[in-house]
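To start, the structure itself, in structure tokens.
The values are calculated or read from the model by the stated rules, or taken from the named source; none is laboratory data. Note that the coordinates shown come from a computational prediction; the quantities given were computed from them, not determined experimentally. Every residue, glycine as well, gets a Cβ built from its backbone with ideal geometry; the counts of neighbours run over all protein chains shown. In case anyone asks, the SASA skips ligands and DNA or RNA and just uses the protein heavy atoms, side chains included. Shrake-Rupley method; radii C 1.70, N 1.55, O 1.52, S 1.80 Å.
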Amino acid sequence: MKSSGTNSPAGTESRGGGEAGGGPPAPGSGAWELLLPATAAPARQRGRALRSALREAIRSGRLAAGTRLPSSRELAAELGVSRGLVTEAYEQLVAESYLRSGRGAGTWVSVGVRPALHGARDLAPRAPGVRVDFRPGTPDLSLFPRAAWAATQRAVIGRLPHSALGYPDPRGLPELREALAALLTRRRGVVADPDRLVVCSGVAQAATLLGFVLRGQGLSAVGVEDPGSPEHASLFASTGLGVVALPLDDEGLAVDPLLASGVRAVVTTPAHQFPTGIGYSAGRRSRLLAWARARDAVIMEDDYDGDFRYDRAPVGALQGLDPEQVAYTGSVSKSLVPGLRLGWLIAPASMTDAIVERKRTMDLGNPAIDQAVLADFITRGGYDRQLRRCRRAYRERRDAMVGALREHFPGVVISGIAAGLHIIARLPERYGAEGVFLDRAAGAGIALRPLRDYATAGGPDGDDDAVRLVLGYAHLTPADIARGVGLLARARVRDQR
């Protein structure tokens, strides 16, 4: 039976029938221009390029379901390639179900192909339109030692045996666990057995691993500091554990509410409490450990900012006093960069095997090359040099923040300055209610986080009208800090006028 209609090309492939989509676009139309780049590929790669271009055209919706394609002869002439090349491309895409064809029915885009959604979204934290960002939690990413890290990486890759590129020990490479154990023993006073140290994707994964194991042991809830890091609550919730908000006092986690809560696990940041900046007193540390021993409880120590103490030597880790009741966690997110996703967990011996098994099933271990580079960077002194460099820079920026606040906001009360990468600033009452103040700042392009945002229980932290801010400074230069505080002060003046 002869084909009819001016749009039906001659030849067996183009005969047959009427299906949604109608005939192919006329030769010379722009519909096939999207395939032209494939014809510029080297001869041996041209067939693959044509197949890829056709797939992409179908996935993107440029060739809609039900569209009839030209005959192989027509498309070959249009593109200036051999008919065999087009025939092979059609046959391959029919086999993959992108196209359908039949004797006398032509070649059509399959109705079973769903167009792909294009565009990779970037969900990393961003602050578009912000002139100055005082929100805490980010180090100065420009301080990452690119040249030293790259040199170490080249040296390590050059000497790594092939066997080291397979699946690693789920605890981490032995050389990294040994390097970290020596570092943490020396710098933080941790009792660090390399066989009980697990390399993790930051403190976030360490908390998640611990949460799964605690849940498996029958616990239903874990205590968290209030105010505290919002991430702790969400991480433990992802493992099926509820959270109990526990208040702080001037010495650290308040013990009486802890005793009354009935929990048998608690998360603490004793070296430099986040966000208040409190360093747990010696008496509070002792009482916390006594509680853990009496209840056979577990304390997760998040050694947040433990290495960044400016006015005296860093306070040693709580874990060093009782490694069988304290699970110690830390990372290189502040000392190097968060993007490395490298941290550690040293758990009580009774939990180590279960944590290692959970780590194995979770991700089969962290990237071996990154681990080997960090191990070499530590053992050759690069990590200690980086810490000294960061401490100098961050102390200078802390001083710049304190000086700018006292200049532009007389009467400000500043706390939490002894360590870490942020401070707490309480403004006098004359600066107005907190909500109004934050609105003025946002209008001036200044990003702020109030202390109340860290209230774990969900309610306001203290006086509703007091302006209490958690101000990060590590990621800003002294000049940026001075400019930002000045902008904040001027925004208040303009609003009052």
Are any of the residues in segment 141-156 at pLDDT below 90 and of a type in the set (S, T, N, Q)?
no
Given the conditions (1) under 20 Å from LEU487 (Cβ atoms); (2) without any contact (Cβ under 8 Å) to a residue 24 or more places away in the chain, which single one is not true for ARG388?
(1)
Considering residues of segment 84-116 that are more than 44 Å from the chain's Cα centre (by Cα) and modelled with pLDDT under 90 only, the residue most open to solvent (accessible area, probe 1.4 Å):
ARG103
Only residues that are open to solvent by 20 Å² or more (accessible area, probe 1.4 Å), in contact with a helix residue (DSSP H, G or I) (Cβ under 7 Å, 6 or more places away or on another chain) and closer than 17 Å to GLN205 by Cβ: list them for segment 305-336, please.
SER331
Return the residues of segment 256-286 that are open to solvent by less than 10 Å² (accessible area, probe 1.4 Å) and part of a helix (DSSP H, G or I); say none if nothing qualifies.
LEU258
Can you tell me how many residues within segment 245-255 are surrounded by fewer than 22 Cβ atoms within 10 Å (Cβ to Cβ) and closer than 24 Å to ARG309 by Cβ?
5
Within segment 47-83, how many residues turn out to be within 19 Å of TYR98 (Cβ to Cβ) and open to solvent by 70 Å² or more (accessible area, probe 1.4 Å)?
4
Within segment 288-303, is even one residue modelled with pLDDT of 95 or more, of a type in the set (Asp, Glu) and part of a helix (DSSP H, G or I)?
no
Residues (in contact (Cβ under 8 Å) with a residue 60 or more places away in the chain and open to solvent by less than 40 Å² (accessible area, probe 1.4 Å)) located in segment 223-244
VAL224, GLU225, ASP226, PRO227, GLY228, SER229, HIS232, ALA233
Of the candidates GLU357, GLU396, GLU434, GLU407, the one satisfying the condition of being over 28 Å from the mean Cα position of the chain (by Cα), open to solvent by 70 Å² or more (accessible area, probe 1.4 Å) and not aromatic (Phe, Trp, Tyr) is GLU407
Which residue pairs have Cβ atoms closer than 6 Å, lie 6 or more positions apart in sequence or on different chains, and pair a first residue in segment 464-485 that is under 13 Å from THR138 (Cβ atoms) with a second residue that is open to solvent by 50 Å² or more (accessible area, probe 1.4 Å)?
VAL470/ARG449; GLY472/ARG135; HIS475/THR138
Which residue out of GLY216, GLY166, GLY172 is more than 30 Å from GLY262 (Cβ to Cβ) and out of contact with any Leu (no Cβ under 9 Å at 6 or more places or on another chain)?
GLY166
Counting only residues that are closer than 17 Å to ASP376 by Cβ and either open to solvent by 30 Å² or more (accessible area, probe 1.4 Å) or not in a helix (DSSP H, G or I) (or both), how many does segment 162-185 have?
8
Is segment 366-382 home to any residue that is among the basic types (Lys, Arg), open to solvent by 10 Å² or more (accessible area, probe 1.4 Å) and part of a helix (DSSP H, G or I)?
no
Inspect all residues belonging to segment 394-403 and state whether any of them is in contact (Cβ under 8 Å) with a residue 12 or more places away in the chain, closer than 30 Å to LEU469 by Cβ and either among the hydroxyl-bearing types (Ser, Thr, Tyr) or not in a helix (DSSP H, G or I) (or both).
yes
